[in-house]
Amino acid sequence: MSGKFIANAIAIVGWLIASLVAFVTVVLFGFLGVGFLGLLILFIATQFELDSDAAVSGGINSDLLARQVRAQRETSREQQMAGRSEKALQVLSVRFFKYFGSGLALIGFGGFVCYQI
């Protein structure tokens, strides 16, 4: 078996589990539950995004900020590039989950309104 086959099998099983969780959520809680689940995912992703930006925003000790800037200047070029690539991956992941949560919320609340009418 090739690595591509194994990766595809894992992806298919993952999507199967995700679809079963969505189906069970709709059966147990209805579309309103899916909407609240989407809001929860959106809230968690937004909190994660805000917490990762807290180190560079206002509201912290200026001495701490000065030490962070000094430590950033003293890092090597490779470490800076690794940090930037890690930050870019975090931004992409957070963006995906924000879109995913928004989509779930829209589908859930839209389905709830559709079935109520």
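Below are the figures for this structure:
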{"quantity": "Unique residue being modelled with pLDDT of 85 or more and more than 17 Å from residue 109 (Cα to Cα) when the list is 42, 16", "calculated": "16"}
{"quantity": "Residue match in segment 94-110 (condition: loosely packed, with under 11 Cβ neighbours inside 10 Å and either at pLDDT 80 or above or not small (Gly, Ala, Ser) (or both))", "calculated": "no"}
{"quantity": "Any hit, segment 9-20, residues being closer than 30 Å to residue 117 by Cα, of a type outside the set (A, V, I, L, M, F, W, C) and surrounded by 11 or more Cβ atoms within 10 Å (Cβ to Cβ)", "calculated": "no"}
{"quantity": "Number of positions in segment 21-49 that are more than 18 Å from the chain's Cα centre (by Cα) and surrounded by 14 or more Cβ atoms within 10 Å (Cβ to Cβ)", "calculated": "7"}
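The values are calculated or read from the model by the stated rules, or taken from the named source; none is laboratory data. Values in this document were obtained by computation on a predicted structure and should not be read as measured data. Note: ideal-geometry Cβ built from the backbone for every residue, glycine included; neighbour counts use all protein chains shown.
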